[in-house]
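The values are calculated or read from the model by the stated rules, or taken from the named source; none is laboratory data. Everything numeric in this text was worked out from a predicted model, so none of it was measured. Please note: Cβ atoms are built from the backbone with ideal geometry, for glycine as well, and neighbour counts cover all protein chains shown. Only protein heavy atoms, including side chains, enter the accessible area calculation; ligands, DNA and RNA are left aside. Shrake-Rupley method; radii C 1.70, N 1.55, O 1.52, S 1.80 Å.
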Amino acid sequence: MGVSRREFLARVGQAGGFQAAFVTMHSLGLMAPSAAATAPLALAPDTGKGVRVAILGGGIAGLVAAYELRAAGYNCVVLEARGRPGGRNRTVRGGDTVTLQDFPAQTCSWETGNYQNVGPARLPSIHRTVLGYCRKLGVEVQVEVNTSRSSYLQNDNVEGGKPLVQREVINDTRGHVSELLMKCMSSGALDADFSKDDRDRMLSFLRIYGPLDEAGKYNGSDRAGYLKPAGAGNDAGVLSQPISMHTLLEENFWQGILFEEAFDMQATMMQPVGGMDRIPYAFAKSLGDLVRYNAPVTEIRKTANGVRIGYTEGGAAKQVEAQYCICALPLTMLKNIPNDFSAPYKKVIDECTYAHAYKVAWESRRFWEQDYNIYGGLEFVSEGCSPIWFPSGGLFSERGVLVSGYTDERSSPFGRMTLEQKLAESRKSIERLHPGHGKELEKPIYVGWGYVPYNQGSWIQSYAPGEERAPGAGVNRQGAPAHPTAAKTGTNSGYQTLIAADGPIYFAGDHCSHIVGWQEGAALSSLRAIQMIADHTNAARLAGAHRSSTQA
C-alpha cells in the first residue's frame with residue numbers, strides 16, 4: 001500500500017527533524033532552496049556513497065571540501081590550476097620564482113630558513129576551524145607577534161616627522177585623557193551622571209589608570225618607557241618625557257594605536273612554524289591524487305544529472321561529470337570562464353570587485369631586534385608604504401625578512417608605479433622610521449594579488465555597485481581586511497545570491513562568509529556547502545524511496 005506525500009513528510013520529520021523535512025520538501029519541489037546557515041558538520045562515513053562531487057580550486061575552501069567529503073564517502077576530485085595547493089595561501093622561500101602579470105619574473109634568493117607569507121600570514125586564536133585542522137593534520141603552530149609596544153608610529157606633520165614609540169603614544173594618551181576626565185569630575189561637571197560613591201570610585205580608578213599623581217596630574221610613567229633605562233646601584237633611570245596632548249591630537253595616530261583592539265587582531269595570534277603554506281601542503285599530503293594540479297577549469301555547465309566541468313591537463317582538453325560542484329574559485333576567475341550560471345549569479349560575478357593587496361618583502365640584518373628591541377609586530381607611517389611588519393619566527397638569528405608595505409594599491413599612486421619605483425617607495429618607508437637602515441634592505445620580492453595568475457585580486461570588495469562589503473573595505477593601514485562585523489553582507493543581495501545553490505552548483509570561499517579575507521571564512525563556507533549537499537543528497541534518496549513506494 002502506498003504512502004501519501006503528507007504521511008511521508010511526517011515520517012521524515014519524525015526521523016530526521018525539521019532540517020530533513022525541510023530539505024525533502026525542497027527536493028520534491030514543494031519549497032524554494034534555502035540559504036539559511038546549517039548546523040555544525042556531522043556526516044556519517046557513508047553519506048556520500050555513490051555520489052561524485054567536482055571541486056573547483058585547491059585553495060583552503062577546496063581542500064577543506066575534499067577532506068570532509070572524502071571522509072563522508074563521496075567520490076570527489078579537486079581541479080587546481082596551479083602546480084601547488086593553497087590558492088592565495090603562498091609562502092615564498094629562497095629559490096622560488098614569483099610570476100606576475102605585467103611584471104618581470106622575480107627569483108627569490110633569501111637565505112635558507114627565511115621566508116615570507118605573501119598571502120595570509122596570521123591565524124587569530126578565535127579561528128578555531130582552521131586551527132582545528134592544524135591540529136588534525138599535525139601542522140605545528142607558534143605565536144605570531146602581532147603588536148610590539150617598542151615599534152614606531154610616524155606622521156610627517158607631527159614632531160617634524162620624528163618617529164614616536166608606540167608605548168609612549170598609547171600610555172601618554174591614556175594619561176592625558178585620564179587627567180582631563182579627573183578635572184571634569186572634580187569640578188562637578190559629571191555629578192548628574194554619577195552617585196557620590198561612584199564618583200569617588202571613578203576618581204580612584206583614574207589615579208591608577210592614568211596613572212595620575214595626588215593632584216590629578218599626569219607627569220609621565222614607567223609604562224611609557226625611559227629616556228635612560230634603570231640599572232644597578234643608584235641608577236634609577238630617567239623616564240621619558242610625556243608627549244603633549246596637542247601633539248597627539250594634531251594628526252591621526254589612532255589606526256596604529258587601536259590596531260590590536262580589533263576583534264580578530266587581539267592576542268593570541270598564531271602562525272604555522274616555517275610558513276603558512278604548511279597548512280595546504282598538509283591537506284594535499286592527506287588527499288593525495290584527489291587533487292589534480294596544473295588543471296585550469298575552462299568550462300562549467302549544468303547537465304540533466306548534475307554538472308560537466310571542462311579543464312585542461314597536460315595540454316589536453318578533458319572533462320569531468322558529477323552530481324554536484326563546489327565552486328571555490330575567486331569570482332575574478334569566473335568572469336572569464338564560460339558557464340551557464342543562472343542570471344543572478346552571472347550578475348554578481350560580472351559586477352563584483354576585488355581589492356588588490358600587495359606586499360613588499362626584504363631580507364636584512366635584524367636591525368629592528370638588535371638596534372631597537374622590536375621583536376615582531378607592526379609599525380605605521382602616514383605616507384608611503386605602510387605598515388611595516390616584522391617577522392615572529394627566527395628570533396635572535398642574524399638575518400630575517402620584513403614587509404614594508406601591505407595595503408590596497410588598486411587606486412593609489414603606488415599601483416601605477418613600475419617595479420623599481422615600488423621597491424624604492426618601500427625602502428623609503430623604512431628610512432622614515434629607522435633612518436640609515438634603508439640601505440640594509442636586500443633581495444626584495446614584490447607580490448601584488450591583483451597580478452597573480454588565478455588570483456586577480458586579494459578578497460572581495462563589493463558584490464555589485466552600491467553593495468560594498470563594508471565602508472572602505474579592503475586593506476587599511478592596520479594591515480588587515482576591514483573588520484568582518486562591519487560587513488554589510490547580511491543585507492547584501494549579491495552576497496545572499498552566492499550563499500544559495502545554483503542548482504547543483506554550490507559556491508564556497510571567503511567571499512561566501514562574513515569573515516572575508518581570512519582562511520577561516522573560506523573553511524566555514526566550505527563546511528556549509530558540504531552540509532547543504534549532504535542534506536540534498538539525503539533528501540533526494542528519501543524522495544526516490546517515496547516515489548518507489550507510491551509506484552509499488
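Grouping the Cα pair distances of the range 265-351 into 10 Å bins from zero gives a pair-distance distribution of 13, 34, 30, 18, 5, 0 percent in increasing distance order. Each of (i) 40; (ii) 57; (iii) 35 is a candidate for percent of Cα pairs over 40 Å apart; the one calculated from this structure is (iii).
Set the Förster distance to 51 Å, then compute FRET efficiency between Asn157 and Ala304 from the Cβ-Cβ distance, nearest 0.05. Working shown, then result.
Numbers: r = 66 Å, r/R0 = 1.30.
Taking R0 as 51 Å, the efficiency between Asn157 and Ala304 is 0.15.
Would you please state which residues of the range 150-184 a label at Arg223 would reach in this model, taking the label point 7 Å out along Cα→Cβ and a backbone N cut-off of under 14 Å? What the label zone holds, given the 14 Å backbone N cut-off, is 167-182. In the context of the full set of protein chains, residues of the chain present 43 Å² of accessible surface per residue (probe radius 1.4 Å, heavy atoms only).
In the chain, Cα pairs under 8 Å separated by at least six residues give a relative contact order of 21 percent.
Taken along the Cα-to-beta-carbon direction at a fixed 7 Å, the label points for Ala232 and Asn75 span 7.7 nm. Computed from label points 7 Å out along Cα-Cβ, the spacing between Gln255 and Lys285 is 3.9 nm.
Provide the FRET efficiency to the nearest 0.05 for the Thr312-Leu419 pair, computing r from the beta carbons and using R0 = 41 Å. Mind dumping the intermediate values first?
Values: r = 30 Å, r/R0 = 0.73.
Efficiency, rounded to the nearest 0.05: 0.85.
Pairs over the 30 Å Cα-Cα cut-off, from the set Lys162/Lys217; Lys162/Lys228; Lys162/Lys359; Lys285/Lys359; Lys217/Lys428; Lys346/Lys422: Lys217/Lys428; Lys346/Lys422. Sites counted here are GluC sites (Glu not before Pro) in a DSSP loop (not H, G, I, E or B) having no more than 11 other Cβ atoms within 10 Å; the longest part of the chain that contains none of them is 215-397. Each residue, Phe396 and Asp197, gets one label point 7 Å from its Cα in the Cβ direction; the gap between the two is 5.2 nm.
Residue by residue, the range 185-190 carries 3J(HN,Hα) couplings of 6, 5, 7, x, 5, 10 Hz when phi is fed to the Karplus relation 6.51 cos²θ - 1.76 cosθ + 1.60 (θ = phi - 60°); x denotes Gly or Pro. Selection among Pro85, Gly113, Leu100 by position relative to the dipole of the range 84-157 gives Pro85 as farthest towards the positive end (Cβ unit charges, Cα centre).
Under a point-charge model restricted to the Cβ atoms of Lys and Arg (+1) and Asp and Glu (-1), what is the dipole moment magnitude of the range 245-404 relative to its Cα centre, in debye to the nearest 20?
On the way: 14 positive and 19 negative charges, 206 e Å.
About 1000 debye.
Of all lysines in the structure, the ones whose alpha carbon falls short of 18 Å from that of Lys318, not counting any fewer than 8 places away in one chain, are Lys302.
Along the range 518-525 the Karplus relation, 6.51 cos²θ - 1.76 cosθ + 1.60 evaluated at θ = phi - 60°, assigns HN-Hα couplings of 10, 5, 4, x, 4, 5, 5, 5 Hz to successive residues, with x for each Gly and Pro.
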